[in-house]
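I have placed the structure first, in the form of structure tokens, so that the comments after it can refer back to it.
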Amino acid sequence: MIFRFATPWALLALLFPLLLWLWRRLFRHPAPALPMATGEFLRNLPRSWRQRCLWLFPACCLISWMLFSLALARPQKGQEQIQDRNEGIAIEMILDRSGSMAAEMDYQGKRQNRLETVKEVFRQFVLGDKELELQGRHNDLLGVVAFAHYPYTVCPLTLDHNALSFALKNIALIEGDTDENGTAIGDAVAMGVARLAAAEQTLAAQNQKDASAYHLQSKVIILLTDGQDEGPHTYSISEAAKLAKEHGVKVYSIAILAPERQLQTPFGMMQLGANYQYDTSEIQAMALETGGTFQTCDSSQSLTEIYKAIDTLEKSHIEAVRYVTHKELYRPFLGTAFAFLLAAILLKMTLCRQIA
């Protein structure tokens, strides 16, 4: 357990009563110009019970001030490092956020856009959901890269899955026909590979050890998109696939397809085909080349089934450092300070009241 003050400079306020006492001692009582008779003989007279209680007022004021100073310094406990050895893998989620992801998709009996559905199912995959039979990836090193025309890191590889879940909320759709809209699959996969290639260095930095002490047996990219690679980019899908294979990264490609439309006729339901289909051969070839799998889905239910299959991936050992959030301890000091301040006010109005 680690104890600290968040604002230690506030402890300087504890010196104020001492400085006040010194000032009163040195400057408030100058030597009289004329010698006067002293009242030393009064010291031996018996003291009343009110006189015996006069010290309570300055004592309450002093204690209240000290407690206020300690509360202002914000004492905290926490930030405990726990070394534990877990079994897990390193997973980078590559998520398409292009404008086409605004199309609706079925999620638990309601319709919402594909991006929100994909984010929610991935959150369940990470944190676990007993009803959906998802165990959760509690021991895995996870990160997220989002892309449209350009990829960017939403959350670096981390074991803090609550932080990753919060970061998912910040992924927004590309709206309108802008230069940022597009589908840079190759560049996004290349960025994910770069993040996974440095996974050992990430763990070593967290644990303050040498990177050679770590070797992850399994590094995985989960690519989820509803379109094919478009526009000139730095890496093509085939080049990104070679890069992933060189670094031992498996790519699990998931293509979102529009569900087939149905029309009720007097002769029964007629299949009209999907609204839009696209070429998935490149991401399928990338998955096969890197040792992953290729799957398609058209609803949250089918996407959940794919994640269930990924749950069976091989595991490797990870030694992690987990951090405990600081707990504020100033409230008891603040409450007690107010109690002593109230006591001082009551004493000043009663026992320690000065009579003219």
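The values are calculated or read from the model by the stated rules, or taken from the named source; none is laboratory data. All values derive from a computational prediction rather than experimental measurement. Note that each Cβ is placed from the backbone with ideal geometry, even for glycine, and that neighbours are counted across all protein chains shown. Surface areas here come from the heavy atoms of the whole protein model, side chains and all, with no ligands, DNA or RNA. Shrake-Rupley method; radii C 1.70, N 1.55, O 1.52, S 1.80 Å.
Worth pointing out:
- Breaking point among (1) modelled with pLDDT under 90; (2) in contact with a His (Cβ under 9 Å, 6 or more places away or on another chain); (3) surrounded by 17 or more Cβ atoms within 10 Å (Cβ to Cβ), for residue 158: (2)
- Filter result for the condition that a residue is open to solvent by less than 40 Å² (accessible area, probe 1.4 Å), outside any loop (DSSP other than H, G, I, E, B) and either out of contact with any strand residue (DSSP E or B) (no Cβ under 7 Å at 6 or more places or on another chain) or modelled with pLDDT under 80 (or both), over 204, 188, 194: 204
- Only residues that are modelled with pLDDT of 90 or more and open to solvent by 30 Å² or more (accessible area, probe 1.4 Å) were counted in the range 98-122, giving 2.
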